[in-house]
Structures are given as C-alpha cells and as structure tokens.
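Just below is one structure, and these are the notes that go with it.
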Amino acid sequence: MIQESFHPHDELFLQLESYLPSAEDGAHDLSHLQRVWRNAKVIQAVEGGDLEILAAAVLLHDCVQVPKDSPLRSRAAALAADQARTALKLLQWQPDRTDVVAGAIESHSYSAGVAPTSLEGSILQDADRLDAIGYVGIARCFYTAGRMGSALYHPNQPEPLDRLADDKRFALDHFPKKLLTLCEGFQTPTGKRLAEERHAKLQDFYTGMLAEIAR
C-alpha cells in the first residue's frame, strides 16, 4: 500500500491523506511525493534533522496546487504552508513543530524565492529540487509543457542565443532558463552532491537534443 512507502511515518500519511494532491497533475502527484520523500530520507540520513517534521513537510508541500502558468504561482507555497498549519493543528501538533513544517513548505518553492530557516527546510528544498533535475526532471518538464500546450522548441533557434528563453512557449527553453541553473542553489552538502550527478544527465540530454535538431 502507498502509505508504506512513507515508512516509518505510515500513520502520518493516513492522517494527512485528505490533503494530498490528486492525480490530475502527473508532475505533482503521489508519485512525486514518494520520490521527494526518498530524496529527503537520503539527505537526512547524512545531514540530520527531524524525520517526522520532514515527513509532514513532504506530504503537505503541494497540498495547494496552482498551475505553472497561473499568475498566483508564486503564492502556491505560502498557501500550502497555511493549509499545513490547519491540518497539523487538527492533529494537535505542538505549535513550534508546526511552525517548522510550515516554514519548510513556504521556502521549498523556486518561484517563491524564500530562503529556508531550518535544516528541515533546507532538506525539503533540496529533496524537491532533485525531482526537477535528472531523468525524472526531464520527463516532468516535457509532461508539464504538454499540459500547457507548449511546443518542443523554437523552430528557428532551438537554443536561445539571440532571443530571450521563453519556457511558456517552448519546452526546451526551460533547460537554460531554469533547470540547468538549479544545481547551484542546493542547501546541503549531500543535496549538492546528488544534484551534481543529476545535473550532468540534464546537460547531456540538452546538448544531445540540440545536436539532433541542428540544421
């Protein structure tokens, strides 16, 4: 059962299940939560931090979903943090632990531009961003572009040399505009090491695709 993948916090999964994202967005569904949780556990095993707080933060970090192309996108993490406070208050969590969870959620988002203020916040941010790079990140990029109705790439200039990258119109532009920049922003040494491995896969794909579509 899916809650077992959140071991040792299977019970917390069941308590928060009603707040978890639906399958409507395949880039931010339960499979995404499972991958972020695996990443978080790998980082926490080296860096430390409270695993229960991390589990709550992972489970609730996408509890309010805002489309990528929505003008409210930068508010998604703050809205999710507010919802997390409500959910954990109902579970009678201590306010100080709830604050750490909410703070971690508010700072996990790239578009929010909020710096983590706790170790758990740093781990959540790293764990979530790891899922945006590497092979899974490539798949999520093109999946999201398809949902937004974007083209694969600019037909005249696939690599944005003499134009601004426009990842709302062209999926491949998302690589130089965002994905290939993420590696520099990781918070923990373990997250940074894992990010470098996945960044190399991103770069190989981007370079290879440009070569295939070159005129």
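Between Glu196 and Ser5, the modelled labels are 3.0 nm apart [label points 7 Å from Cα along Cα→Cβ]. Extending 7 Å from the Cα toward the beta-carbon at both Ala151 and Leu20 defines two label points whose distance is 4.0 nm.
For the range 164-215 and the range 99-163, what is the separation of their Cα centres, given in Å? If you average the Cα positions of each part, the centres end up 10 Å apart.
How much length is gained if the chain between Val46 and Thr86 is pulled fully straight, taking 0.36 nm per residue apart and subtracting their Cα-Cα distance, in nm to one decimal? Intermediate values should be presented prior to the final figure.
Details: separation 40, 0.36 × 40 = 14.40 nm, distance 3.08 nm.
Fully extending the segment from Val46 to Thr86 adds 11.3 nm.
Give the angle, between 0 and 90 degrees and rounded to the nearest 10, that separates the Cα long axis of helix 119-130 from the longest principal axis of the Cα atoms of the chain. Taking the Cα atoms of the chain, the angle to 119-130 is about 30 degrees. Residues Thr117, Thr98, ordered by accessible area of protein heavy atoms at a 1.4 angstrom probe radius and largest first, appear as Thr117, Thr98.
Amide H contacts of Gln187 (H built 1.01 Å from N, in plane; Pro and chain starts excluded): Asp126 sit under 5 Å, all sequence-distant by 5 or more or on other chains. Largest first, the residues Val101, Val64, Val42 sort by 1.4 Å accessible area into Val42, Val64, Val101. Kirkwood radius, the range 94-162, all distinct C-alpha pairs, inverse of mean reciprocal distance: 14.4 Å. For the modelled label position 7 Å from the Cα of Ala115 along Cα-to-Cβ, which residues of the range 156-198 have backbone nitrogen atoms closer than 17 Å? 184-189, by backbone N distance to the label point. Round to the nearest 10 and give me the degree value, 0 to 90, for the angle of helix 51-60's Cα axis relative to the longest principal axis of the chain. The angle comes out at about 60 degrees. On full extension, the segment bounded by Asp96 and Arg169 gains 22.0 nm, given 0.36 nm per residue less the C-alpha separation. Placing unit charges on the Cβ atoms of the charged side chains and taking the dipole of the chain about its Cα centre, the candidate lying farthest along the positive direction among Met148, Ile53, Gly185 is Met148. Using the Karplus relation 6.51 cos²θ - 1.76 cosθ + 1.60 with θ = phi - 60°, the per-residue 3J(HN,Hα) values for the range 168-177 come to 7, 9, 9, 4, 5, 5, 5, 5, x, 6 Hz, with x marking Gly and Pro.
The values are calculated or read from the model by the stated rules, or taken from the named source; none is laboratory data. Only a predicted model underlies this, so the values are computations on that prediction, with no experimental measurement involved. Backbone-built Cβ (ideal geometry, glycine too); neighbour counts: all protein chains shown. Note: accessible area is taken over every heavy atom of the protein model, side chains too, but ligands, DNA and RNA are not part of it. Shrake-Rupley method; radii C 1.70, N 1.55, O 1.52, S 1.80 Å.
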